[in-house]
Amino acid sequence: MDLVQWKYKGDKFSCSLNQSIHHFGSINFVAKPRQPLGVQINSYHVKTPYERAILSQVTSPWESDYPPL
């Protein structure tokens, strides 16, 4: 995710980071005061009735508690 150019949009009430994904759609992270971080995914391929999805967070490989092999 760090090898892309995110598009920022924001003001004192909210901010968002948006990225277009070639042949898929786009992803948008939205932050608003006193609310959890929101994620909006728009896809050309995934159609309704999907209204919800689960997004997981994993630890970066360089933050592992295990020593390198």
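For the stretch 1-29, residues that are open to solvent by less than 100 Å² (accessible area, probe 1.4 Å) and in a strand (DSSP E or B) total 13. Among the residues of the stretch 30-51, which ones are closer than 17 Å to K9 by Cα, at pLDDT 90 or above and either charged (D, E, K, R) or assigned to a loop (DSSP other than H, G, I, E, B) (or both)? Scanning the stretch 30-51 gives K32, P33.
Determine, yes or no, whether V39 is on the phi < 0 side of the Ramachandran plot, surrounded by 13 or more Cβ atoms within 10 Å (Cβ to Cβ) and free of Cβ contacts under 8 Å to residues at least 60 places away in the same chain.
So V39 fails the test.
The values are calculated or read from the model by the stated rules, or taken from the named source; none is laboratory data. All figures in this text were calculated on a predicted structure; none of them were measured in a lab. All Cβ positions, even for glycine, are placed from backbone atoms using ideal geometry, and neighbour counts span all protein chains on display. For the accessible areas, the whole protein counts, side chains as well, though only heavy atoms, and no ligand, DNA or RNA atoms are used. Shrake-Rupley method; radii C 1.70, N 1.55, O 1.52, S 1.80 Å.
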